[in-house]
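K.L.:
The following block contains the structure, expressed as structure tokens.
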Amino acid sequence: MSPKSKREDLPHVVILGGGFAGLYAARHLYKAPVRVTMVDRQNHHLFQPLLYQVATATLSPSEIAAPLRAVLGHHQVAVVLAEVTGVDTAGKRVLLSDGELKYDYLVIATGATHSYFGNDAWAQFAPGLKSIEDALAIRRRILVAFELAERETDPEIRRSLLNFVIIGAGPTGVELAGSLAEISRHSLHGDFRNFDPRDARIILIEGVDKVLPVYPDDLSQKACRTLEKLGVEVRTGARVTNITEQGVFIGQEFIPARTVLWAAGVAASPVAKSLGVELDRSGRVLVTPELTVPGHDEVFVVGDLSLLKDAEGKPVPGLAPVAMQEGKHAAHNIRRQLQGKPMEPFSYWDRGSYAVIGRGHAVGIAFRRFEQAGFGAWMAWLLIHITFLIGFRSRLAVLLNWAYSYLTFGKSARIITGPSPRLDRLQPTHALPEGGQTPSIPEPRIQTTASHAEPATPVTH
């Protein structure tokens, strides 16, 4: 019997998703007596905690992404580029848009997508940040807004072009706001002749009463003060009631803005619905302590798609280090099943998390007790990311870009791609009628690519 035939007789492990959880599961099955197939609709692994830096022109996509085949090439993992449409647990089949895959063990790590809380029409006006396509579309919106402002003579239109609204003050929203403030106050200073980029308004909106809601109050307050020093207008306890092509409504207040970014919520991947098991209101699967689907010891759900409570009864957070540890643990339990041993419950080792606010500023908690803020926290954040980026080339490129940005406030990836911006169809924002409806005015739509957790910057293991 040929080596290939022997390998095909091994138990088949199918991993859905090439994010942190899927990648760590695949890596930790190396040399196990199984054959492993990873399925993803993208051909790359994405280091999502740095995605906002692609959106704000600090980094290029290739510096935070790596081809899955290259990353897993030495781990004997087959990679299938396909769209997953569902899972048939009774038949042990993964359903694809163009076929199916049989499995003996299944690891579902398909992550999360944007949630607009039932207002899906907002997506075209306020893109979220989950993929490289999202980041490039957001970068284009930001840079095009400044270019259009340079040519605009109507002060009302120029004001709306220079208003940037970020909805959601979790880690992603805070990081976007801080980076946008640095772009307008420093990176673009002196680049334009007809207006001052420092006139841009960066408005951060949060529905609860503080930024970074999951952080302790003192760190939240420090983050808020740092944002305000950077020139960010922080609006807490503010509920968005409508988003249009022309701006944002907070109750009856209208903020004219041609660039609105969404960082307010996520929902689980729709793959979970096909499992026919209990889901929470965000669509996450309520998994067993061993990370399996109830009644199916061969099906593991990890990362943002799973809901697991810790010893204190609190949900394990949807962070990158959790996904890494869960992926590794799923592989561990598959190995134990192959050995005829009972599975072991998952226990999350919380080393902490960080959120960067701007150049030299961050806040974070290490090991659930040690709070940090300022330059020391920023250095810790930087070192963590350099350490856990995939590949030496990416680490070196990111480190050089960060050094350049720190020393000069420069942004090395300020390239606008896509159709040329049109100025002739821009119209001023006229008085709005009651009820929060915008007037019927033809407006340009800067196209974005909507795509499929809010990644707080982790201390990983």
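Laboratory data are not the source of any read-out in this text; all were calculated from the coordinates shown. All values derive from a computational prediction rather than experimental measurement. Neighbour counts are summed over all protein chains in view; Cβ atoms, including those assigned to glycine, are modelled from backbone coordinates with ideal geometry.
K.L.:
So how long is each side of region 67-114 along the principal axes, counting just the alpha-carbon atoms, biggest first, in Å?
P.N.:
Taking the Cα atoms of region 67-114, the three principal extents are 33, 31, 20 Å.
K.L.:
Further question: For T387 paired with S97, estimate the spin-label separation in nm (one decimal), with each label point 7 Å from Cα along the Cα-to-Cβ line.
P.N.:
3.9 nm
K.L.:
Further question: With a cut-off of at most 16 other beta carbons within 10 Å, and DSSP calling the residue loop, which GluC sites (Glu not before Pro) in region 34-119 qualify? Please list them. Before the final figure, lay out each step's value.
P.N.:
On the way: sites: E63, E83, E100; in loops: E83.
Qualifying residues, ordered by number: E83.
K.L.:
For region 243-282, divide the Cα radius of gyration by the Kirkwood radius and give the resulting Rg/Rh value with two decimals.
P.N.:
Details: Rg = 16.4 Å, Rh = 13.2 Å.
Reported Rg/Rh (Cα atoms, Kirkwood Rh): 1.24.
K.L.:
If R0 is 30 Å, what FRET efficiency do you get for D154 and N119 from their C-beta distance, rounded to 0.05? Mind showing how you got there, number by number?
P.N.:
Values: r = 30 Å, r/R0 = 0.99.
That gives a FRET efficiency of 0.50.
K.L.:
Go ahead and estimate [θ] at 222 nm for the chain from helices alone: -39,500 (n - 2.57) per DSSP H run with n ≥ 4, summed, over the residue count, rounded to 500. Write down the numbers at each step before the final one.
P.N.:
Values: 11 runs with 126 residues, N = 461.
Helices in the chain give a 222 nm mean residue ellipticity of -8500 deg cm²/dmol.
K.L.:
Find the all-direction average of the projected area of the Cα convex hull for the chain, expressing the result in square nanometres with one decimal place. Can you show the working numbers first?
P.N.:
On the way: hull surface 92.3 nm².
Over all viewing directions, the chain projects a mean Cα-hull area of 23.1 nm².
K.L.:
Please identify the chymotrypsin sites (Phe, Trp or Tyr not before Pro) of region 56-135 that satisfy two criteria: DSSP loop assignment and at most 12 other Cβ atoms within 10 Å. Which are they? Spell out each step's value before the answer.
P.N.:
Details: sites: Y103, Y105, Y116, F117, W122, F125; in loops: Y103, Y116, F117, F125.
When the chymotrypsin sites (Phe, Trp or Tyr not before Pro) of region 56-135 are filtered for loop state and at most 12 Cβ neighbours within 10 Å, F117 remain.
K.L.:
Rounded to the nearest 20 debye, what is the charge dipole size of region 43-110 about its Cα centre when +1 sits on each Lys and Arg Cβ and -1 on each Asp and Glu Cβ? All intermediate terms of the calculation are to be shown ahead of the outcome.
P.N.:
On the way: 4 positive and 6 negative charges, 25 e Å.
Roughly 120 debye for region 43-110.
K.L.:
How big is the dipole moment of region 281-417 about its Cα centre under a simple scheme where the beta carbon of each Lys and Arg is +1, that of each Asp and Glu is -1, and everything else is neutral? Debye, nearest 20, please.
P.N.:
Numbers: 16 positive and 10 negative charges, 104 e Å.
Roughly 500 debye for region 281-417.
K.L.:
Nearest 0.05, what FRET efficiency do F375 and D196 give at R0 = 25 Å with Cβ-Cβ as r? Could you put the intermediate results ahead of the total?
P.N.:
On the way: r = 29 Å, r/R0 = 1.14.
After rounding to 0.05, the efficiency reads 0.30.
K.L.:
Another one. Can you divide the C-alpha Rg of region 187-290 by 2.2 N^0.38 Å and report the result to two decimal places?
P.N.:
Working: Rg = 19.1 Å, N = 104, 2.2 N^0.38 = 12.8 Å.
So the Cα radius of gyration is 1.49 times the expected 2.2 N^0.38 Å.
K.L.:
Would you mind pulling out the separation of the Cα centroids of region 166-190 and region 85-147, in Å?
P.N.:
25 Å
K.L.:
Are there GluC sites (Glu not before Pro) in region 254-352 that DSSP marks as loop and that have at most 13 other Cβ atoms within 10 Å, and which are they?
P.N.:
Values: sites: E278, E290, E298, E312, E326; in loops: E278, E290, E312.
Sites meeting the loop and neighbour criteria: E278, E312.
K.L.:
Next question, about the same structure. Taking the Cβ-Cβ separation of R239 and D9 as r and a Förster radius of 56 Å, what is the calculated FRET efficiency to the nearest 0.05? If you can, show how the numbers build up before the last one.
P.N.:
On the way: r = 58 Å, r/R0 = 1.04.
That pair, R239 with D9, gives E of 0.45.
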